[in-house]
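Read through the structure below, which is laid out as structure tokens, and then see the notes.
Bear in mind that the values in this text are calculations on the coordinates, not laboratory data. Just so it is clear, the structure is predicted and the values come from calculations on it, not from any experiment. Cβ coordinates were reconstructed from backbone atoms using ideal geometry, including for glycine residues, and neighbour counts include every protein chain displayed.
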Amino acid sequence: MTPANALDLLLIDDEEEIFRPSQPPRGSAGVYNPNSALFNLGMALLRWAVVPPKLAVPLLSAQAKAAGLSVETVCRPTLPWQGPRLRRLLARRPLAAAVTTVAIFDPVFLARITSEIRRLSPGTVIILGGHGAAASAEIRAQGDLWITGHGERRLAEVVLELKKGVPLPQVPGVTAVPGGGLSAAGSLRYEGIPRVLPPDWSAASTLARSYPVEASRGCRFNCAFCDFPGRGCQAFRPAADVAAELAAVRRERGVKKFEFVDSSLTSDPAFVRQLCAEMRAAGLRVKWKCFARPDAFARDAGLAREMAAAGCTEIFMGIESIHDGLLAAMRRGMDRAAVELGLARAFEAGISVHGNFIIGFPGETEATALETAAFVRARPFHSAYFCTFGASREMLDLAAREPARYLNLAGTPVKGWRCDGLDYRGAYGLTLKAVAAVNAGRSKPLAVSPRTNDPDCPPF
Ligand code: SF4
């Protein structure tokens, strides 16, 4: 007989602290500060209040509940006021605990959660998913099972089998990983998911008033430097479903701001126009932001205006370069003329544009980096990231096949690369010069070099 308070699945979401104590071990991400505990508590409170909840756990929760599983969630269990909830839920001896590592890359941080699970509920199967698990064998080793990609369908299937008493290694789809451990394949897009369900926002605990929304998975483009697993093909949800989800969150949770998480929401302008029409038809008065590329607005003259009229106030614009030679080598599928035209239309529509640029791709020189800086200074960007080029495994393999095109790029991912005339440290130096050139004479910096650019900051 199943006890009344039996729990099939405990979902856990957390994110690393921003500040670390001084003298951390190499491999530990963060900004190091001896007063870390105090700073972290303050930052946690601030982020709790203003940062949108992550989408992963509400999506996992929706599919697991639809499969008939009993599900509970704890968000940020390492925060002082959430720890007791984790311990109460572990006292119910959940069959499985699934931890999303979307924002956890430090094995030491993750161990604070997994060791608590092992201590209080040793029979619970620990399942890991998300970017941290994908990136680190040390992180994967803390779980009993690693689910790759989007895991909502696979997770529900695995826990249903565990509930039937099937031992984990014999669950269909679970395979041994060379070198140890078990894994199961999730979805790259929506394959195998019979019905895409709206996120179960009862699973999120946050004071934030801006929520994420997903209209598609994958990416229709295939940029040379990108290691996004779903690139090359993008699957969209029906626009009417997305608009209905926005309306429901607006109605039920009073949320008026949304952040589309799609790699490029505008890759199919017809979809975005349909979405805007559905939002208008539903009488939705909300503000939203999204990721986009300038070529979409160059191809479709009225798209930016249409989006602005439907509530789009901000775009994170993946520009990456303004130089035709670099754009071609990056396989961006656009040239400088398209970048300029697309940006001009977004600015004209009154949308606040954050620009993202890559500095140091093979072929970059001090002259091209400073020309990029001048380009940014001359336009009304709200802000800009200058990211030092990091070479993915795929990029290095591509360069090995086309050495002349990529100036003999070779080495190790992500920062251990070199090519003719440049290596990572040199590219980082160009990044800092470009940032300084943009910000010269400004009281408030416009361009930023993200801290992960630092050669001494992971990922290495
Ligand atoms: S558009 Fe963005 S997500 Fe898509 S392949 Fe290019 S860099 Fe990757």
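Per-residue ellipticity at 222 nm from helix content only, as computed over the chain with -39500 (n - 2.57) for each DSSP H run of at least four residues, stands at -10500 deg cm²/dmol.
Report the semi-axes of the equivalent ellipsoid for region 203-342 in whole Å, largest first, where each axis is √(5λ) for an eigenvalue λ of the Cα gyration tensor.
28, 16, 13
Residue separation of ALA103 and SER392 scaled by 0.36 nm, minus their Cα-Cα distance, works out to 102.1 nm of gained length.
Cysteines in the chain lacking any other cysteine Cβ under 4.7 Å from their own Cβ: CYS75, CYS219, CYS233, CYS276, CYS290, CYS312, CYS387, CYS419, CYS457. Eigenvalues of the alpha-carbon gyration tensor of the chain, scaled by 5 and square-rooted, set the equivalent ellipsoid semi-axes at 37, 27, 22 angstrom, largest first. This model, with +1 at the C-beta of Lys and Arg and -1 at the C-beta of Asp and Glu, gives the chain a dipole about its Cα centre of some 1100 debye.
Nothing charged except the Cβ atoms of Lys and Arg (+1) and of Asp and Glu (-1): what's the magnitude of the dipole of region 208-351 about its Cα centre? Round to the nearest 20 debye.
Its charge dipole is roughly 480 debye.
State the Cα centre-to-centre distance between region 246-282 and region 436-460 in whole Å. Each part reduced to its Cα centre gives a spacing of 32 Å. Within a straight-line Cα-Cα reach of under 21 Å, LYS433 can be paired with the following lysines, leaving aside sequence neighbours fewer than 8 residues apart in one chain: LYS415, LYS444.
Relative to the dominant Cα principal axis of the chain, helix 424-439 is inclined by about 70°. Between the Cα long axis of helix 107-120 and the first principal axis of the chain there is an angle of about 10°, rounded to the nearest 10. How much of the DSSP beta bridge set in the chain is antiparallel, as a percent to the nearest 5? So the antiparallel bridges in the chain amount to around 20 percent. Across region 9-185 the C-alpha pair distances fall into 10 Å bins from zero in the proportions 9, 38, 37, 13, 3 percent. Along its three principal directions, the equivalent ellipsoid of region 370-460 from the Cα gyration tensor extends over semi-axes of 28, 14, 10 Å, largest first. Among residues other than ILE359 whose Cβ falls under 13 Å from its Cβ, what is the net charge (Lys/Arg +1, Asp/Glu -1)? Overall, the nearby charge balance is -2. Multiplying the residue separation of ARG119 and ALA37 by 0.36 nm and subtracting their alpha-carbon distance yields 27.1 nm. Give the lysines reachable from LYS54 as a straight Cα distance under 20 Å; neighbours fewer than 8 places away on the same chain don't count. Within the straight-line limit of under 20 Å, LYS54 reaches these lysines: LYS65, LYS256, LYS257, LYS287, LYS289. Full extension of the chain between GLU252 and ARG93 yields a length gain of 54.1 nm, computed as 0.36 nm times the residue separation minus the alpha carbon distance. Size descriptor for region 211-453, Kirkwood hydrodynamic radius: 18.8 Å (Cα pairs only, one decimal).
All Cα-Cα distances of region 335-419, cut into 5 Å bins from zero to the largest, leave 3, 13, 20, 19, 15, 13, 11, 6, 1 percent in each bin in turn.
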